[in-house]
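Data block below; observations after.
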Amino acid sequence: MYTSTTKVRVRYSETDMMGYCYYGNYATYFEVARVEAIRQLGFSYRQMEDDGIALPVLEFAIKYFKPAFYDDELMIETTITEVPKARIHFTYKTFNTEGVLLNEAKTSLVFINKKTMKPCSAPADFIKTLEKHFEL
């Protein structure tokens with residue numbers, strides 16, 4: 001299992017009339033966390049795209065426990081739960097600075113060949129790097 005942590009701050013424009021972080025912003029926060037998790041492994045979304053691989057989201061699910069507020073610093077714990085094949089699965093836990101769990105989420109993305117727009121295997125070097133974090 002591979003886990004990374006990314007910090008984001010709730011901006012004023014991301015809050016609703018109750019002062020809560022608007023629920024739809026978490027999809028963006030998780031994208032930031034995903035990109036950073038992959039970067040921390042030594043890879044980049046941009047390079048994958050330049051190499052002809054796209055990663056569209058197939059599924060997104062979230063459960064909310066507590067709200068975040070304007071100017072809160074959030075810590076998003078991102079975990080890749082298994083070595084990917086044609087799909088890659090992420091789980092997320094969002095915490096505030098007091099360590100309170102605000103939500104848990106999951107996404108599944110599909111590796112797509114940009115020329116054919118069909119699913120393909122994850123890049124071999126990406127798999128090899130991830131395998132170091134899993135007991136196989």
Taking Thr28 as the residue in question, decide whether it is polar (S, T, N, Q), in contact with a helix residue (DSSP H, G or I) (Cβ under 9 Å, 6 or more places away or on another chain) and modelled with pLDDT of 95 or more. yes
Restricting segment 90-136 to residues that are within 30 Å of Cys21 (Cβ to Cβ) and of a type in the set (Gly, Ala, Ser), the one surrounded by the fewest Cβ atoms within 10 Å (Cβ to Cβ) turns out to be Gly99
Check on Ile76, surrounded by 15 or more Cβ atoms within 10 Å (Cβ to Cβ), of a type in the set (A, V, I, L, M), modelled with pLDDT of 95 or more and within 20 Å of Thr3 (Cα to Cα)
yes
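The values are calculated or read from the model by the stated rules, or taken from the named source; none is laboratory data. No experiment lies behind these values; they were computed from the predicted model shown. Ideal geometry is used to build each Cβ from the backbone, glycine not excepted, and the neighbour counts take in all protein chains shown.
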